[in-house]
1. Which residue is surrounded by the most Cβ atoms within 10 Å (Cβ to Cβ), if the candidates are limited to segment 37-54 and must be in a loop (DSSP other than H, G, I, E, B) and at pLDDT 90 or above?
2. List the pairs whose first member sits in segment 120-133 and is assigned to a helix (DSSP H, G or I), whose second member is at pLDDT 75 or above, and whose Cβ atoms are under 7 Å apart, counting only residues at least 6 apart or on separate chains?
3. Considering only segment 25-36, how many residues are open to solvent by 40 Å² or more (accessible area, probe 1.4 Å) and either among the aliphatic types (A, V, I, L, M) or modelled with pLDDT of 85 or more (or both)?
4. Here is a list: 93, 66. Which entry is touching a Gly at 6+ places or on another chain (Cβ under 6 Å) and either closer than 22 Å to residue 129 by Cβ or at pLDDT 90 or above (or both)?
5. What number of residues within segment 55-109 are without any contact (Cβ under 8 Å) to a residue 60 or more places away in the chain, among the small types (Gly, Ala, Ser), outside any strand (DSSP E or B) and buried (at least 18 other Cβ atoms within 10 Å of the Cβ)?
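The values are calculated or read from the model by the stated rules, or taken from the named source; none is laboratory data. Since we're looking at a predicted model, the values are computed, not measured. Because the Cβ atoms are built from the backbone with ideal geometry, glycine has one as well, and the counts that use them run over all protein chains shown. Note: areas computed on protein heavy atoms with side chains; ligands, DNA, RNA excluded. Shrake-Rupley method; radii C 1.70, N 1.55, O 1.52, S 1.80 Å.
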Amino acid sequence: MRAYIRHPSEFPIELGQSDESERERLSDVSVGGLSCHSQAELNAGQRIKVRIPVVEPAFEAEGRVVWCRKDKDRYRVGIAFSDEALAFSARMVEQVCHIERYRNQLVSEGSEVSFEDAASEWISKYAASFPRP
């Protein structure tokens, strides 16, 4: 059984080891971390800065690379957060991403809906099935 759910992959993530960041896409968010793609191979145990600019202010945290696997012309990377508060914050960002995806779907179907209205509707329809840590 999966410990995480599929995350909307159209949302960006920035990975950096110094002041330079690599912009990629999220894959999954779990209770203790996330996975994403990377152009570069990363070493297990390596510390890495994670930034998700979807929310304001952007979610920023330092994580540790748990695994890195070749995936076609890139790498898929698992990153763990050591702090439970950071893991909780990442899950909140995940919910915001799901709500924004839902709002975009409604807009593409012809409904003009605010983020707040989309959030209320998404929560009433899907929050109960959103996996809990």
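1. So the residue we want is 42.
2. Partner pairs satisfying both residue conditions: 122/98; 122/99; 122/102.
3. In the first step, residues of segment 25-36 are kept if they are open to solvent by 40 Å² or more (accessible area, probe 1.4 Å); the result is 25, 31.
From what's left, either among the aliphatic types (A, V, I, L, M) or modelled with pLDDT of 85 or more (or both): 31.
Counting residues in segment 25-36 that are open to solvent by 40 Å² or more (accessible area, probe 1.4 Å) and either among the aliphatic types (A, V, I, L, M) or modelled with pLDDT of 85 or more (or both) gives 1.
4. Among 93, 66, only 66 is touching a Gly at 6+ places or on another chain (Cβ under 6 Å) and either closer than 22 Å to residue 129 by Cβ or at pLDDT 90 or above (or both).
5. The number of residues fulfilling the criteria is 1.
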